[in-house]
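Coordinate-derived values only; no laboratory data. Note that the structure is predicted; figures quoted are calculated from it, not measured. Cβ: placed from backbone, ideal geometry, glycine included. Neighbour counts: every protein chain shown.
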Amino acid sequence: MKMKKRMKVAIVGGGPAGIGVALGLVRRGIESIALIERNDKIGGIPALYRRKPGGVPTFIRWSRGGRIVFGEDYANGLRAKLSKTDVEVWLETQVLKIVPEEMSLNVVNPSMGNTIIKADSIILACGSREKTIAERGWIMGARLPRVFFTRQIIHWIDRHSVLPLHNPVIIGSDLIAYAAAAKLRAAGSSEPIIIDNCRRPKSPFLARQYFRRWSRPSYRGIIREPIEIIGYGSESAVKLPNDEIIRCDGVVLSGELIPNSELALVGGLEVETPSRTPVVRRDYQFSRPGWFVAGNILGGFHGAEWCFFNGLKVAKSVAKYLSQS
Ligand SMILES: Cc1cc2nc3c(=O)[nH]c(=O)nc-3n(C[C@H](O)[C@H](O)[C@H](O)COP(=O)(O)OP(=O)(O)OC[C@H]3O[C@@H](n4cnc5c(N)ncnc54)[C@H](O)[C@@H]3O)c2cc1C
């Protein structure tokens, strides 16, 4: 039999947005809050960016004195604030399914197994992810074993000190792509080549300048599509529309973020297709009362700090809803 748990509020995702919602609710005197996170610690994407000797300090925000705040330090700061509250943090807990009409979540974790959590209000703060090859729609290639997302590159290099690619090509040219190039190069790869389907890189000029200390990737803006990923493992290559072949030992798919809204979509909450953006009202609530969203799941690229403050705002809407229901 499945275990059952009753909470006032359940938050899915322990990134800056989820933590912002939790802290905002605590400030408003709400008790019995569960923050559910599938990883072994909270902090979301910023927690991946480790401060390490020789590593690339990828920024999360400039503090008031013009100092860069590192991802891991930023995540630790949020974690410290949360530890002073009574919020229940459920780590290594994956939300498998939501049941909107029952206000419940089906979760699984190693110690409790399958559990149903019911709550008066549920907030989805699951973040965003990079588009797959199929979702980009301009890249051909068979099932390839050495295609990574940027978050995996950060995870391997910053968390495990493993260099997954020695001769990388990066597809995508926004800020995250240049951060990935810097991380790869600083960890010992050859200078990455960045490819995108636009004339100029999407990353802001200043961000590119920031990362030049570590990496000066060459940029190939292709106008005609598609490109093709060919070969296998260390013998991989990217074939451009003019038949030029760029040899590599794997590809990084960077940028082009898409909301992580699968739970909402499968659960029957309103989600736009193909953008996957949740359809919510001005107070961040779905048309089904009690269901809210916060942070990068709302679509677009938002920095960690924006997501945290958005979480605080969503907490205000949730508190209002709870007081009226
Ligand atoms: C690769 C990459 C690099 C980025 N680099 C930067 C940067 O350098 N600076 C910056 O300001 N912004 C960066 N961003 C944007 C960044 O995502 C946001 O700034 C911020 O982390 C978003 O906060 P969030 O809480 O909405 O989502 P996230 O930080 O993504 O947190 C969402 C959390 O939800 C959890 N989760 C998702 N689904 C489930 C589930 N079903 N069950 C349980 N838990 C779940 C995830 O494990 C994750 O911890 C980057 C984004 C990506 C994808």
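P(r) tail for the stretch 1-110: Cα pairs beyond 19 Å make up 51% of the total.
The GNM of the chain, with springs linking C-alpha atoms under 10 angstrom apart, assigns the highest mean-square fluctuation among Glu37, Glu102, Glu270 to Glu102. For the peptides 76-86, 14-24, 246-256, the ranking by mean Cβ contacts within 10 Å, running from highest to lowest, is 14-24, 246-256, 76-86.
Taking the square roots of 5 times each eigenvalue of the Cα gyration tensor of the chain, largest first, gives ellipsoid semi-axes of 37, 22, 18 Å. Relative contact order of the chain: 22 percent, from C-alpha pairs under 8 Å at least 6 residues apart in sequence. In plain terms, the residue of Ser287, Ser261 with the fewest other Cβ atoms within 10 Å comes first and the most crowded comes last, giving Ser287, Ser261. In percent, rounded to a whole number, the relative contact order of the stretch 104-178 is 15, using alpha-carbon pairs under 8 Å and six or more apart. Relative to the longest principal axis of the Cα atoms of the chain, the long axis of helix 71-83 makes an angle of roughly 10 degrees. The phi torsions of the stretch 149-159, fed into the Karplus equation with coefficients 6.51, -1.76 and 1.60 and a -60° offset, translate into couplings of 9, 4, 4, 6, 4, 4, 4, 5, 6, 6, 8 Hz, rounded to whole numbers, with Gly and Pro shown as x. 3J(HN,Hα) along the stretch 35-52, derived from phi through the Karplus expression 6.51 cos²θ - 1.76 cosθ + 1.60 where θ = phi - 60°, amounts to 10, 10, 9, 7, 7, 7, 8, 8, x, x, 4, x, 5, 6, 7, 7, 7, 8 Hz, with x in place of Gly and Pro. The angle between the Cα long axis of helix 175-186 and the longest principal axis of the Cα atoms of the chain comes to about 60 degrees, rounded to the nearest 10.
Shape annotation for the stretch 105-178: C-alpha extents along the principal axes are 48, 32, 27 Å, from largest to smallest.
Kindly put Lys183, Lys239 in sequence by how many other C-beta atoms sit within 10 Å of each C-beta, fewest to most.
Lys239, Lys183
Label-to-label distance, Ser323 versus Glu135, with points set 7 angstrom from Cα along the beta-carbon direction: 3.7 nm. Residue exposure proxy: Cys307, Cys198, ordered by other Cβ atoms within 10 angstrom of their Cβ from fewest to most, comes out as Cys198, Cys307. A cut-off of 5 Å between modelled amide H atoms, ignoring neighbours fewer than 5 places along the same chain, links Val252 with Phe148, Val169, Ile170, Ile171. For the stretch 170-232 and the stretch 111-169, what is the separation of their Cα centres, given in Å? Taking the Cα centre of each part, the stretch 170-232 and the stretch 111-169 sit 19 Å apart. For the stretch 7-18, putting each phi into the Karplus relation 6.51 cos²θ - 1.76 cosθ + 1.60 with θ = phi - 60° gives couplings of 10, 6, 9, 10, 10, 9, x, x, x, x, 5, x Hz, in residue order, rounded to whole numbers and with x for Gly and Pro.
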